[in-house]
1. Taking only Cα atoms, what is the 0 to 90° angle, nearest 10, from helix 315-334's long axis to the longest principal axis of the chain?
2. First check a/c for the range 646-767, with a ≥ b ≥ c the square roots of the eigenvalues of its C-alpha gyration tensor; if it is under 1.5, answer rounded, and if not, answer prolate when a/b is larger than b/c or oblate otherwise.
3. Which whole-number percent gives the relative contact order of the chain, counting Cα pairs below 8 Å spaced six or more residues apart?
4. Keeping all protein chains in the complex and leaving out DNA, RNA and ligands, what accessible area do you get for R661 with a 1.4 Å probe, in Å² to the nearest 10?
5. So I have (i) 1.09; (ii) 0.97; (iii) 1.05, and one of them is Cα Rg over 2.2 N^0.38 Å calculated from this model. Which one is it?
6. For the range 130-141, take each phi angle, set θ = phi - 60°, evaluate the Karplus expression 6.51 cos²θ - 1.76 cosθ + 1.60, and give the result in whole Hz per residue in order, putting x for glycine and proline.
7. Pop out the ³J(HN,Hα) list for the range 347-364 in order, Karplus 6.51 cos²θ - 1.76 cosθ + 1.60 with θ = phi - 60°, rounded to Hz; leave Gly and Pro as x.
8. Out of N660, N689, L704, whose Cα points farthest toward the positive end of the dipole of the range 656-783 (charges: +1 Lys, Arg; -1 Asp, Glu; placed on Cβ)?
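The values are calculated or read from the model by the stated rules, or taken from the named source; none is laboratory data. Values in this document were obtained by computation on a predicted structure and should not be read as measured data. With ideal geometry, Cβ positions are generated from the backbone for all residues, glycine too; neighbour counts draw on all protein chains shown. Please note that ligands, DNA and RNA were not included when accessible areas were found on the heavy atoms of the full protein model with its side chains. Shrake-Rupley method; radii C 1.70, N 1.55, O 1.52, S 1.80 Å.
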Amino acid sequence: MFLTKELYGFVLITTLLCTSVSGTESDETWIRINQIGYRPSDPKFAVLVSRLEVSPEEFQVVDFLTGEPVYISKGIRAFGKYGPFTTTFRLDFTPVQEQGKFFIRWGDTKSPVFRIGEQVYDGAADFLLKYMRQQRCGYNPFLRDSCHTHDGFTVYGPMPDGTHIDAAGGWHDAADYLQYATTSANATFNLLLAWRDYPGAFQDRFLASGLPGPNEVPDVLDEARWGLEWLQKMHPAPRLMFNQIADDRDHAGFRLPDQDSVSYGHGLERPVYFCSGDVQGLFGYKNRTNGVASTAGKFSSAFALGAAVYRSPVPEFADRLQHKAVTAYEFGLAGPGACQTAPGRAPYFYEEDNWTDDMELASACLFRITGDSGYFDSGMKFSELEKVTPWMGADSAHHYQWYPFINIGHYELAVQATGCQREFLISCYRQGLKNVFERGVKNPFFIGAPFIWCSNNLVCAMITQGLLYRKLSGDDQFLEMETALRDWLFGCNPWGVSMVVGMPSDGLTARDPHNSFSHLYGFPVDGGLLDGPVHGSIYKKLQYIHLTKPDEFAAFQSDLVVYHDDVGDYSTNEPTMDGTASLVYYLAAMSGPEDMTGCRKCIFSDGAVVRGDPGSHTLALVFTGDEYTDGGIQIRGILAQKKIRASFFFTGNFYRNPGNRSLIRSLIDDGHYLGAHSDKHLLYNSWENRDSVLVARDSFETDLKNNYTAMMNFSIRPEAARYFLLPFEWYNSEITGWTKDLGLRLVNHTGETLSAADYTIPEMGERYRSADDIMKSIRERSGRDPQGLNGFLLLMHIGTHPDRMDKFYQRLPELIGWLESQGYRFKRIDDLLSETASE
């Protein structure tokens, strides 16, 4: 049930009385949640797990800022034993639509704090590109240095072994520096698809080189083109295609890519494996290759989609890509079968066995750019050969046996098909989802993907298939499973760990991934999707794994599934390039640009809103208050006389001051906006170095919580006061991010007048600004350009130091009269900043 204010007191008392009766030992019971958060309209579930015999009957969703329960639910489903846990439960809090920051509580057990908000995934897709840039080969922008520029010499090719070709570029596969055409082509395709379907999710903050700086090209397209340029080198001519650079001789210990000196007998050149269609393996181990179509199909689809994306901005490049899409497709037709990667001295390689899905996708993409119905007909024939990706519903599979883990060819054909053909393709997706659903519905995490190597890639494939199925059919019968698997990736799993390194920034993510960057130098590998948990039986059989420290998650390991945050575990804790790129598409569907706040035409600075719509002849009068309140009664009277609603941001000090109670209640009764200005009026950033943050994150959050607690004494609830105007009006993007993570929106004054200097006193010397100076600056700013003061947040103070005799608030009638004469209209800040959000 949702809580009214009248019920809150009863609930709080009841909670205190019942905690000692129904509570649990917090070190034996845990509540797992999605650390990124939940969108208001999505299904929302948490999972309670315990090593004890417990039987919860209800749980609470608690507002982080106020400590109030906002929802009490009996929506609990029991699942019994799972892995290391004796009892497990799914907790349903879907009805909670309120936006903000919350935690779930049952007895003494609390979940981590999480957000509910429309924009919890904003910027997430762009965040993953950090890892993609770090994985670049040839020139690595993270290191600002080059690597592997001598690649490479051919093996298994039609030319003599040892022939040099230019194969520099592309991405490293994972912690190792091998490069595979199959994973790189799939990654390139997913980046292009994300841009094609969700362009609004991406920004332009990096150059084509990967170095910081805008270049009028979305960063996702810069990254996709990096992949396309390398793929062209790997398919230099018709019937000439290469599958792999280097082999497991690369596994020679941790080192940065620009320090790689592993020798393959040709100096610094590395072997480049030709797509021969035959079994390969230079040493004792051999793969099971029986064709080239799996690789050729991936090349063709990436080239074809690239041609479609670049047709308008770079037509010459698009023409070249289309030609290569056709030659790659023809190479695949001539060599049906799967082309596996080549092992070296170890038995591990990518054991891909299927290929018709790759040729189906290539057919669909070529039909889209050429209009040749022959491609569509071929695509439909391929689709009938593999209706469901075989891992879906299976208990196990070989490593990368059915790759990629989702057949996007079904979707690309379906959006171009009609009638029974479209229904057939939709039914293929439905059956795959059903297979995994029937396995997952039996456990509390709703996970039906097998725990094989790279299980997170399977989860990513499943949520993507769920999304594409909903887009095609409008059927949401698998939506709970889709969101549960999404939640699994971001912390709703037995270990409570987000499987994307560094996301969220304040969450529990891998601190010791299997990666040279972080292991050797502590460089973050933010954005990388980890391989993911595996069955205990698989983990025990893997060679060369040695944990380097005690297992912090020992209590959560079982024969069913294990995960270790340890650099020594390459099976569960290694980020991979292709898995990361595959997740970009789904997160793009979930997100928008990072600094979107609901005001489409607002002006931002370091992520904070500093101005409303410059095209709207409206502005907001904003007043802040902490220690002084001498102008309060006069300001309130002037606004009432003029019938203007303004916005007031007060500190906790101000709200708690008994002398201010009557004024605050009057401002509320008059319909003004009242918000937070921090509790103790802290300075967040150094005046000398804005990038230097002076407060710890937990101190920042505690201070704001106390501010909102003081506001609650006047029944000002967080959902009605989401705009936060920071003290001293001094901040950076880190403070903006912290504010956003609390479910709040940071605002600052427009800052192009001297209005905020009304606090200065004569003793400040040159910094002092008289009321005449302030009034003059406002009038001059209005006349400087056609937009005048449109959308302005015009900030003043509700009171000033007694030493200031020239009180600017005494000039408020003059200011308002002049603004009215110029045609400006006045709005509360929430109305001003939302007026364009609904357009």
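1. 40
2. Values: a/c = 1.76, a/b = 1.18, b/c = 1.49.
The shape class here is oblate.
3. 12
4. Here the residue's solvent-accessible area equals roughly 130 Å².
5. Of the listed options (i) 1.09; (ii) 0.97; (iii) 1.05, (iii) comes from this structure.
6. Couplings: 4, 5, 4, 5, 5, 8, 5, 10, x, 10, 10, x Hz.
7. Using θ = phi - 60°, the values come out as x, 9, 7, 7, 9, 5, 10, 9, 8, 5, 5, 5, 6, 5, 5, 4, 4, 5 Hz.
8. Comparing the listed Cα positions along the dipole, N660 ranks first.
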